[in-house]
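Student: Take a look at this one; I'll ask things after.
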Amino acid sequence: MWAVRGVLIGLVVVMGCRTPPPTPAIHPLSADEFATTVQTISEPPGYFDSDNFVSNETAYLHIVRTLQQVGAHDGVYVGVGPDQNFTYIARIRPKLAFLVDIRRENLLEHLLFKALFEIARTRQEYLSLLFSKPIRPDAGLGPTPSIQAMVDYFDRTPGDERLYQNTLARLTRSITAYRLNLSPDDFRTIQDTYRAFFTYHLDMRFEFKRPSLNGLNFPVYREFLLEKDLEGHQGNFLNSDDDFAFIKQMSANNLIIPITGDFAGDKALAGVGAYIRDRGEAVSAFYLSNVEFYLVPNGRMDAFVQNVKRLPIHDRSVFIRAFVNLQSASHPERVDQYLLTPTLQYIRSVLRLYDAGRYRTYWDIGTADYIRSR
């Protein structure tokens with residue numbers, strides 16, 4: 001087992017500071033550019049045995065202060081999975097974001113989110129439309145409600161079938177206009193995803209498709225929205241008007257691009273790297289979630305590393321991981337009994353250690369030369 005060499009970060013921001021980095025200049029993509037990029041970079045989808053409608057990472061905010069301290073901002077963000085990406089994007093304020101996932105269902109869910117951002121004018125309206133729960137005149141939310149106030153309101157407000165049907169029709173029109181030549185099966189998947197948010201709303205949780213694998217107590221969406229950082233601040237992007245406005249603007253300008261792709265595949269990440277390089281940009285942060293947990297036992301880590309080497313990076317470029325705490329050992333940064341521990345590591349460090357043969361196990365990958373967050 002390799003000893004941890006933590007990188008100690010000086011406190012360059014005030015403790016608990018919520019000020020985001022400067023918003024970069026926005027260079028929108030046209031609808032045609034967006035559609036072409038999605039279609040030309042995407043790979044054929046693969047199978048993953050779960051319904052990832054929402055994240056299973058309640059500790060995702062534990063690294064946001066360190067993310068700002070190491071200077072991970074601007075540039076291009078690369079991520080995986082559903083809407084946990086939006087909070088990281090809001091913190092980093094990139095010029096462009098790619099969301100690469102092996103499941104086509106994830107691409108379709110992000111088209112649903114894109115259409116919701118297009119329609120919703122405020123954070124509270126976004127959640128209202130996502131859950132199909134109307135905001136009544138006596139809701140008492142005010143113009144800038146906290147995430148706690150919104151969760152409390154939508155917890156006690158029943159879903160409305162008519163609002164669901166009306167919004168689904170609006171969303172379908174918007175998604176059709178994205179010119180992605182979606183099939184009837186694609187639209188059925190989008191409808192099923194939207195229906196799941198209507199049915200389970202704040203009780204939605206990550207689930208495996210095989211019931212025998214669902215013994216773990218994954219968090220519900222309510223917990224995810226209300227999660228706090230290590231200083232005790234709620235930090236989901238839906239807790240901030242500025243964060244929501246930034247994500248809404250990026251989405252409207254076609255700058256959050258969902259791609260179907262395998263991290264160890266031969267097309268998607270290579271295509272993302274070429275696209276970023278052609279724009280004269282570099283990756284500021286690459287959110288991996290726990291994908292390496294699956295790449296290592298399947299013998300696909302080398303193919304992934306070779307793809308990472310095709311990405312333009314700089315000295316501050318970082319990986320954001322969600323390390324799976326093993327039964328035999330917990331990550332040194334683990335807080336309480338969280339199943340997943342978020343960590344940061346400079347991408348150049350990852351490549352150096354891999355080439356030196358330092359990564360023999362999943363534990364090595366998660367604990368060698370990570371950046372300490374506490």
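Student: Averaged per residue, what accessible surface does the chain expose to a 1.4 Å probe, in Å²? The partial results should precede the final answer.
Tutor: Values: 15470 Å² over 374 residues.
Heavy-atom SASA per residue in the chain reads 41 Å².
Student: Pop the C-beta distance of A303 and D138 into the FRET formula with R0 = 41 Å and round what comes out to the nearest 0.05. Spell out each step's value before the answer.
Tutor: Values: r = 56 Å, r/R0 = 1.37.
According to the calculation, E is roughly 0.15.
Student: If you roll a 1.4 Å probe over region 298-374 with all protein chains in place, what percent of the accessible area is carbon or sulfur?
Tutor: 44
Student: With a point put 7 Å past each Cα toward its Cβ, work out how far Q249 is from L351 in nm, to one decimal.
Tutor: Output for this residue pair reads 3.2 nm.
Student: Taking each pair of different alpha-carbon atoms in region 292-367 once, compute 1/r for the pair, average those values, and report the inverse of that mean as the Kirkwood hydrodynamic radius in Å to one decimal. Don't skip to the end; give the middle numbers.
Tutor: Values: mean 1/r = 0.0757 Å⁻¹.
One decimal place: 13.2 Å for the Kirkwood radius.
Student: Hey, another quick one. May I ask you to evaluate 6.51 cos²θ - 1.76 cosθ + 1.60, the Karplus curve with θ = phi - 60°, for each residue of region 237-243 and list the ³J(HN,Hα) values in order in whole Hz, giving x for glycine and proline?
Tutor: 4, 7, 8, 9, 4, 5, 5
Student: Something else now. Bin width 20 Å, origin at 0, all Cα-Cα pairs of the chain: what percent of pairs per bin?
Tutor: P(r) for the chain, in whole percents per bin: 29, 62, 9, 0.
Student: Give the lysines whose C-alpha is closer than 29 Å to that of K133, dropping any in the same chain fewer than 8 places away, or say none.
Tutor: Of all the lysines, those that pass the test against K133 - Cα under 29 Å, at least 8 places apart if same chain - are K114, K209, K228, K248.
Student: Could you list, bin by bin from short to long, the percent of Cα-Cα pairs of region 216-304 in 5 Å steps?
Tutor: 2, 10, 12, 17, 18, 16, 15, 8, 1
Student: Could you please report the charge total around V296, scoring K, R as +1 and D, E as -1 over all other residues with beta-carbon less than 11 angstrom from its beta-carbon?
Tutor: Net charge in that neighbourhood comes out at -1.
Student: Over the chain, with a Gaussian network built from C-alpha contacts below 10 Å, which listed residue (P28, P134, P184) shows the highest mean-square fluctuation?
Tutor: Top of the fluctuation ranking is P184.
Student: Further, regarding this structure: Using just the C-alpha positions of region 26-102 as equal point scatterers, what log10 of I(q)/I(0) does the Debye formula give at each q in 0.17 1/Å?
Tutor: -0.84
Student: Restricting things to alpha carbons, tell me how big region 239-374 is in terms of Rg and Dmax, in Å.
Tutor: Calculated on Cα positions, Rg and Dmax stand at 16.1, 46 Å.
Student: Something else now. Within region 93-157, which trypsin sites (Lys or Arg not before Pro) sit in a loop by DSSP and count at most 11 neighbouring Cβ atoms inside 10 Å? Could the numbers behind the result be given before it?
Tutor: Numbers: sites: K95, R103, R104, K114, R121, R123, R156; in loops: K95, R103, R121.
When the trypsin sites (Lys or Arg not before Pro) of region 93-157 are filtered for loop state and at most 11 Cβ neighbours within 10 Å, R121 remain.
Student: Can you give the percent of C-alpha pairs in region 86-183 whose distance is more than 20 Å? Don't skip to the answer; put the middle values down first.
Tutor: On the way: 2296 of 4753 pairs.
Considering region 86-183, 48 percent of its Cα-Cα pairs are separated by more than 20 Å.
The values are calculated or read from the model by the stated rules, or taken from the named source; none is laboratory data. If you're wondering where the values come from, they're calculated on a predicted model, not measured in any experiment. Positions of Cβ are backbone-derived with ideal geometry, glycine not excepted, and every protein chain shown enters the neighbour counts. These accessible areas exclude ligands, DNA and RNA; they are computed on the full protein's heavy atoms, side chains included. Shrake-Rupley method; radii C 1.70, N 1.55, O 1.52, S 1.80 Å.
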